[in-house]
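K.L.:
Dropping the structure in here first, questions after.
Coordinate-derived values only; no laboratory data. These numbers come from a predicted model, not from an experiment. When we count neighbours, we look across all protein chains shown, and the Cβ atoms used for this are built from the backbone with ideal geometry, even at glycine.
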């Protein structure tokens, strides 16, 4: 059984009582990573939301500095890994802080509150984004057939039996919810592999490129946390800001 209690007060109490030296926002995020829950969207003052985003962005940046960037530099020497997108073009800059975050949030996090959309709609959209129309068409066809069969079965049930079935399905979805959240965060990270190319003669070592997107995995978990705690609009805005900051740093560092 997945707990659905609000973890914010307990984490904050732990921070005040000296049980943890982590900022309360970061401590709550680590609890979420260990056991993702849907919870309930919170209406917070803008300053509180900004503090949470800033804290989690600082953690993500630190992770990138200590893990992801060294991994990229190592992979560059081992397999000739390099970034394959023209980041100097104005089109990329505009898309990366507007359309890109919007599309990715709709693909990977918009449906995290809906079991039906999470299990049926989002996989088809991700396939459309990554592979073209054939795969999502096949997914949509199989899903439609399964839903029609399900409707036919439920129509033969009595009201009480159908209610029990819905309850069991809901509990099964919640029991697997941590895997769902982590799975979509991982998919978000893996999609970014297309931003890199490597020496075609390296063979199996090309699989090492997954370590180059480790910071995207952390970012995916951060954005999932923001989406579930503060709403989809917050995660979209945060994603836009993050990409903008990355572009600024890249322009400064060169």
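K.L.:
Going 7 Å from the Cα of residue 74 along its beta-carbon direction, which residues of segment 197-241 have the amide nitrogen within less than 14 Å of the resulting point?
P.N.:
Residues 208-215 qualify, since their backbone N sits under 14 Å from the label point.
K.L.:
Express in nm, to one decimal, how much length is gained between residue 175 and residue 193 on full extension, taking 0.36 nm for each residue of separation and deducting their alpha carbon distance.
P.N.:
Full-extension gain reported as 3.5 nm.
K.L.:
Can I ask one more? What length, rounded to one decimal in nm, is gained on full extension from residue 245 through to residue 162, with 0.36 nm per residue of separation minus their alpha-carbon distance?
P.N.:
24.9 nm
K.L.:
Suppose R0 equals 25 Å; then what is the FRET efficiency for residue 67 and residue 119 from their Cβ-Cβ distance, rounded to the nearest 0.05?
P.N.:
For residue 67 and residue 119, the calculated efficiency is 0.20.
K.L.:
Expressed as a whole number of Å, what is the distance separating the alpha-carbon centroids of segment 196-238 and segment 23-74?
P.N.:
14 Å
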